[in-house]
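A short write-up of the structure that comes next.
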Amino acid sequence: MPDPKDGGSSPEPRLPKIEARDVWKIYDTANGPTTAVENFTLDVADGEFVCIVGPSGCGKSTFLRMLAGLDTHSAGSILIRPGADPKKPLNSVVFQEYAVFPWKTVVENVAFGLQMRGIGRAERLDIASFWLERVGLRKFANYYPSQISGGMKQRVSIVRALANDPEVLLMDEPLGALDAQTRIVLQDELLRIWEETRKTVVYITHSLDEAILLGDRVILMTAHPGRLLTTFPIGIRRPRTVETLNTPEFAELRGEIWQQLAREVSRAMEMQQ
Amino acid sequence: MSEAGKLDAKAMPAPPGRVANRQAGLSKELAAVVAALVVWNGALVLLSLWRPLWWAALIGDFALIVMAAERVGRRVAPAWRRSYERTLAFGFPVLALVAWQMIVDAGILNPLWFPQPTRIGAALWDVTVHFDRFSGTSLLGRPWLIPSRFESDGWPGVWALFAESHVWATLGRVGIGFVIGAIPGILLGVIMGVNRTVRLMLDTTLSAIYVLPKIAIFPIVMLIFADPFGEGPKIAVVALSVFFLMAINTMAGVRDIDPVFLMAGRNYGARGLSLLWHVILPAAMPVIFAGLRLALGTALIVIISIEFLRAKQGVGFMTFYYWEVLNPEKMYAGLVVVMILGVVLTYGLQWLQQRLMPWQR
């Protein structure tokens, strides 16, 4: 296993921001070991937006939690390279179920990561207000999450991660629980914010369209065990908006990926038999 | 009646003919129910059956009053809904007290066992304003004497007034025991909720003690304390009963926390005490408060039973004392005081809950 401190001393631009090598996750159950993630290798460059797509239960969420350090991996190595500022957190997660704390107001939620890092009250509330302004939630700052809608809660959850200013943003199906319209609005907002911040992002979704729209690279996973199936670079030029979904370029790419995907899936199924 | 009808029509614009029909239909039904109420009681009285069959008469009256209230409820305008519901909630108990009064006044029930509400009220007034020389106690500690006592004896004089009060004695025991038991109980519950090993080691033992009637440990506690008849054992039993209940409830509350909140807390840098303060305690707060409500009820049961057994003061002592001297009005007065204490303490807890959990409004 490489020493995780390795990358910090020489922050060369070419070194990947995230290095996950031969990662395994094996659960010990009463019926013997079960493999959730098998031999998964992923490099993410600094400022890259990577989407991981796969059927439910394919271990993509498990992989993200291992990246975030919220779950242990059974074998392999995971490294997130620290940046120039060692005080910055390595990663912040946006959870599918929002995980916005119901007992804190909107602005307290957004300032939570900063508070835990010991940043003073005035400064952290300033930063939180700035981010709330950017997603149009300024006037809801002192509301409790129970008083706002699901789409607004997920905005709060996203800016809570951004206000924390992490090296890497890890998003676990953040729009999965929203209705179709809110989802489109938030996809647009995500594209706009990403364009402004250019964070390194690993984004889990089960929607291929969403992955192609948002990502620089789309990674497909298979289920049982969770394995990397194939990778597609997405060449659609930025800045993108939800209008991109209607371009012939998008349709063509999606068709191409579907075709390859069908081939890969049937091959994978043959291999399993 | 017609006033309410007008309001209703204004609130719900609908084809005028149909509304008028419905209103008229309801009015007719209501008149029929009220007539039935008069006929039912009148017939029983005329046949001299009301007295021997008073309980059957009351059951019939209750059914008819429910039917009448429902007819009224259907035509109440939305603006009057709240007052209507309040009238039901507070009017019915008053009606029941009036019925009690009339039945005992009429000699149907023995006033020795069921003294009239007015006499219970008078007894309550009596124990409030009078000092009982024999036991050296009063109900509230005669607060109107505070200024004069303070002038003559200073603070010790005021303290002596409080010390003679039944209510303050009971409240003090419950309050101190509650705090001494609840805080360590919540802490142990959190530890058991978070740490699997501690939970496995203590869970069975706590569950076994939890089902034990708390009053049963009173003799043992009396044995342990140097002064078995002092305040120590009484407060200790209250504290112990609250402690076990809170430990078990808090543990359940902590274990029920959605793991995504714990993951979010950890991912954003909360560890140890900050995780406890910012995530675990607020997330478990609703269950903790449900536990506190239960614990309050248990604490009152325990303290009143202990005061029956071994006390020279307290609301439980007072109730039992008036049983010994056969003064039922004052026994009932004691029960009323216990009820008021329970209601006041529950409201206090609700106030605290709203203060500590502003997000749940």
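The values are calculated or read from the model by the stated rules, or taken from the named source; none is laboratory data. From a predicted model like this one, the values you see are computed outputs, not experimental measurements. Heads up, the Cβs are rebuilt from the backbone with ideal geometry, glycines too, and the neighbour counts pull from every protein chain shown.
So which residues in region A:90-140 are within 11 Å of another protein chain (Cβ to nearest Cβ) and of a type in the set (Lys, Arg), if there are any at all?
If the condition is that a residue be within 11 Å of another protein chain (Cβ to nearest Cβ) and of a type in the set (Lys, Arg), then A:LYS104, A:ARG117 are the ones that fit.
Of the conditions (1) more than 10 Å from every other protein chain (Cβ to nearest Cβ); (2) more than 25 Å from A:GLY69 (Cα to Cα), A:LYS87 fails just one. Which one is it?
Failing condition for A:LYS87: (2).
Residue pairs, Cβ under 6 Å, 6 or more apart or interchain, first in region B:150-175 and exposed (fewer than 15 other Cβ atoms within 10 Å of the Cβ), second assigned to a helix (DSSP H, G or I). List them.
That search, which allows pairs on different chains as well, returns B:PHE150/B:VAL158.
Of the residues A:THR35, A:THR72, A:THR62, which is within 14 Å of another protein chain (Cβ to nearest Cβ) and over 16 Å from A:TYR203 (Cα atoms)?
Every option except A:THR72 fails the conditions.
Which is buried (at least 18 other Cβ atoms within 10 Å of the Cβ) and assigned to a helix (DSSP H, G or I), of A:LEU186, A:LEU220?
After ruling out the rest, the residue left standing is A:LEU186.
Output the qualifying pairs, or none if there are none: Cβ atoms under 8 angstrom, residues six or more apart or on different chains, first residue in region B:332-357 and crowded, with 16+ Cβ neighbours inside 10 Å, second residue not in a helix (DSSP H, G or I).
Listed by first residue and then by second, the contacts come to B:TYR332/B:PRO115; B:VAL337/B:LEU139; B:MET357/A:TRP103.
Anything in region A:163-173 that is buried (at least 23 other Cβ atoms within 10 Å of the Cβ), farther than 16 Å from A:ILE18 by Cβ and under 12 Å from the mean Cα position of the chain (by Cα)? List them, or say none.
none
Restricting the first residue to region A:163-187 and requiring it to be under 17 Å from A:LEU213 (Cα atoms), which pairs with a second residue that is among the polar types (S, T, N, Q) and part of a loop (DSSP other than H, G, I, E, B) meet a Cβ separation below 7 Å and a spacing of at least six or different chains?
A:ASP172/A:GLN96; A:GLU173/A:GLN96; A:PRO174/A:GLN96; A:GLY176/A:GLN96
B:ALA226 passes all but one of (1) within 14 Å of chain A (Cβ to nearest Cβ); (2) not in a helix (DSSP H, G or I); which number fails?
Failing condition for B:ALA226: (1).
Looking at region B:316-361, which of the residues that are of a type in the set (Lys, Arg) and over 17 Å from B:LEU292 (Cα atoms) is modelled with the highest pLDDT?
For region B:316-361, the residue satisfying everything is B:LYS330.
Mind listing whichever residues of region A:77-101 are surrounded by fewer than 18 Cβ atoms within 10 Å (Cβ to Cβ) and free of Cβ contacts under 8 Å to residues at least 60 places away in the same chain?
The answer is A:ASP85, A:LYS87.
Can you confirm whether A:SER146 is modelled with pLDDT of 90 or more and surrounded by fewer than 16 Cβ atoms within 10 Å (Cβ to Cβ)?
yes
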